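First up is the structure itself, then whatever we jot down about it.
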Amino acid sequence: CLDLRPLDILAEVVPAARLGRSMRVFQVQGVRGFQLTASRPRALSFPASRLFIHCDRFPEEFSIIVTLRVLNVPAKRNEYLFTLMAEESHNVLVGLRYSPNKLHFLFWSQERSNGWQTRVTFRNVSLSDNQWHTLILAVSGQSFSLTVDCNVPSDVVVETPFPISLSVKRASFYLGNRRRRKGLFTGLLRQLVLLPGADATPRICTSMNFKVTTLSVPAILHDLPMKPVSNEVLKYPYETDMRVTFGSRPPCSKHDKARFWFSASQRGLYVCNGSTWISMLEAKKRLDYVEEYQNLVTNSETMGLEVFTIPKVGLFAATANRYTPPGSAIYKWTDGKFVPYQNIPTYQAQSWKYFTIGKKIFLAVANFEQNDKGQEYSVIYKWSRRKEKFITYQRISTHGARDWEAFVIEGEAFLAVVNHREGNNHNIDSVIYRWNPRTGLFETNQTIPTSGAYDWEFFTIGPYSFLAVANTFNGTSTKIYSHIYIWLSGSFQLFQSILTFGAADWEVFRIGDRVFLAVANSHSYDSGTSAPSNFYAINSSIYELNVTAQMFVKFQDLLTYSALDWEFFSVGDDSFLVVANSFDGVTFSVNSVIYRWQGYEGFVAAHRLPTMGCRDWETFNTTEGSYLLYSSAKEPLSKVLKLKTT
């Protein structure tokens, strides 16, 4: 609990790869800030454990530094700058809100105030003058001090001291709200920092411009505008200097941050985030056809794909390749193509999983076979910012690992592995690991019996967390139950069982308010019954959540050919599912199919794509367009396909 570094609350909320609908950058009077536009308050939240890494208690003494620009707030209206709230309660543990000419600091002290909230009010705080202001709130025991723009501080002493041991376990920070739309902050926020253990006033009040002095500001807000060049025009919506470039795609570097580019050909408006152009407004697109874009030669046959973006580094694709040497590979998107970036030794790799914990970046591989020394384990790699490579971080003993799934529940990070078989025994345990922030390692948390399992799929519905396993083979039959588990009382418990046929993949997706779960059935085999005419031509099924029945019910069957993967994606307002058909009983050269959502009709085949032993699909987007990437388990060649739109 002696971590005295500045804790940047605002930076934690800024999306890692791009600004979403919840935040927009505005520049007023030469200074940048965020306007919050989220319709869902949880989009502007994050677990407190991301800031309080070593300790789950809020500091006893601290300062809060805020740089903001307030709009005219109507009388009797309160707007929240931030709150800290326990997930299971509506009480505000710590919060800061503004009303006309008043600033209120809120805190919860169970021991000293019988469970009531304490409010410390600073009066005559006039901020609604359309100017930038920096506030420093210093808290120590019963003493509360507010400094505005480095002027004379206003001191308040209250009867109830700030608690010496305020737990933040299973609590989350909410930016500009208190977990509901009412009271959303409507102004601009540039800085929101928690500094434990000190009065920040001497540290802050050293610059000439006290109103925008900073301790820590998100990177996208750093740079001041450059003078416009000849092919730019200046716009001033909301008193904002917006530099808009027209014509062909201009460069996007750190010197071009917050520059806007309008593309007439793509009918879109883009903003530079310092490395790539991010779409802000574009015409609704419709998928017209699919064209071959890149033949990606791989080290060997590819069992799985993972496409991911490392902030400030770029877009990557990891291929899980069958043979070692040369192992599996990571490719980087460079000049509109994937190019080799890093080779990693793997042992019949089946899949990769990219995930983050705080600012740490990880990539886990599921190894199916033993290494040269007879050891069988899968490996978690960590991104080294210094080397700009993935390096070995933790080895975990696995048994014919097929898949990893990473997820967060109540602020805690988990990693689940699918164990397919141990020797000839397919009925073994798969394992869920929990991240231990003290040791910095994953530790066994729960085991779940599985049968020749292929895939985990984690998803949430409202406040509930689910984990679905695709069971493939129990030693005698592929006609077995796959299971959906629900998180209750600190562990996963059985929620529903669904009969599947060599299930290889679950894919959860949402269309409007409806929740669907699609299973890829690979083949029908039972040693105790006569063989069907075709093991591999079999229905894969889509299930929909029935809220009233509290279960998934079958929505639609689609004929597939040894299906191994589903991938959901959207183009404009249209929704699609693409299936990986791998084998029709005669040949591996089989068409995989893109299905279009047609409402009452369900999913209807729209495009048939020639594939060879298709194993996995991934979708990704760049400023140049949208793409599909598929892997082949029968040849060392994967393909990038471009979605052509109208």
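The values are calculated or read from the model by the stated rules, or taken from the named source; none is laboratory data. Quick caveat, the model's predicted, so the values are computed rather than measured. Cβ coordinates were reconstructed from backbone atoms using ideal geometry, including for glycine residues, and neighbour counts include every protein chain displayed. Areas reflect the complete protein model, heavy atoms only, side chains present, ligands, DNA and RNA absent. Shrake-Rupley method; radii C 1.70, N 1.55, O 1.52, S 1.80 Å.
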Checklist line | Size of charge dipole - segment 7-218 - debye, nearest 20, with Cβ of Lys, Arg +1 and Asp, Glu -1, no other charges | finding: 1060
Item checked: For Ile380, net neighbour charge (Lys/Arg +1, Asp/Glu -1) across residues whose Cβ lies under 12 Å away -> +4
Next item on the list: Compute the signed sum of charges (Lys and Arg +1, Asp and Glu -1) over the other residues within less than 13 Å, Cβ to Cβ, of Val307.
Entry: -2
Item checked: Accessible surface, the chain, averaged per residue in Å² (probe 1.4 Å) -> 45
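From the helices alone, meaning DSSP H stretches of at least four residues, give me the mean residue ellipticity at 222 nm for the chain, per-run term -39500 (n - 2.57), in deg cm²/dmol to the nearest 500.
Working: 2 runs with 9 residues, N = 646.
Rounded to the nearest 500, the figure is 0 deg cm²/dmol.
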Check: Taking Cα centroids, how far is segment 88-157 from segment 411-447 in Å?
Finding: 44
Notebook entry, point to check: Mind listing the phi-derived Karplus ³J(HN,Hα) values for segment 328-344, rounded to whole Hz, using 6.51, -1.76 and 1.60 with θ = phi - 60°, and x for any glycine or proline?
Noted result: 9, 9, 10, 10, 10, 6, 9, 6, x, 9, 7, 10, x, 10, 7, 9, 10
Item checked: Exposure ranking of Arg57, Arg615, Arg385 by accessible area [1.4 Å probe, largest first] -> Arg385, Arg57, Arg615
Next item on the list: With a ≥ b ≥ c taken as the square roots of the eigenvalues of the C-alpha gyration tensor of segment 360-509, please select rounded if a/c is under 1.5 and otherwise prolate if a/b is larger than b/c or oblate if it is not?
Entry: oblate
Item checked: Neighbourhood net charge (10 Å Cβ-Cβ; Lys/Arg +1, Asp/Glu -1) for Ser140 -> -3
Margin query: Treating only the Cβ of Lys, Arg, Asp and Glu as charged (+1, +1, -1, -1), what charge dipole size does the chain show about its Cα centre? Round to the nearest 20 debye.
Written below: 2040
Check: With the Cα gyration tensor of segment 7-218 giving a ≥ b ≥ c as the square roots of its eigenvalues, does the rule (a/c under 1.5 for rounded; else a/b larger than b/c for prolate; else oblate) give rounded, prolate or oblate?
Finding: rounded
Notebook entry, point to check: Looking at the square roots a ≥ b ≥ c of the eigenvalues of the Cα gyration tensor of segment 287-645, which shape do they give, rounded for a/c under 1.5, prolate if a/b is larger than b/c, or oblate?
Noted result: rounded
Check: Across segment 384-401, in residue order, what do the Karplus-derived ³J(HN,Hα) couplings come to in whole Hz, using 6.51 cos²θ - 1.76 cosθ + 1.60 with θ = phi - 60° and x for Gly and Pro?
Finding: 9, 5, 6, 8, 6, 9, 8, 10, 4, 10, 8, 9, 10, 5, 9, 9, x, 4
Margin query: Quick check: at a probe of 1.4 Å, how many percent of the accessible area of the chain sits on carbon and sulfur atoms?
Written below: 49
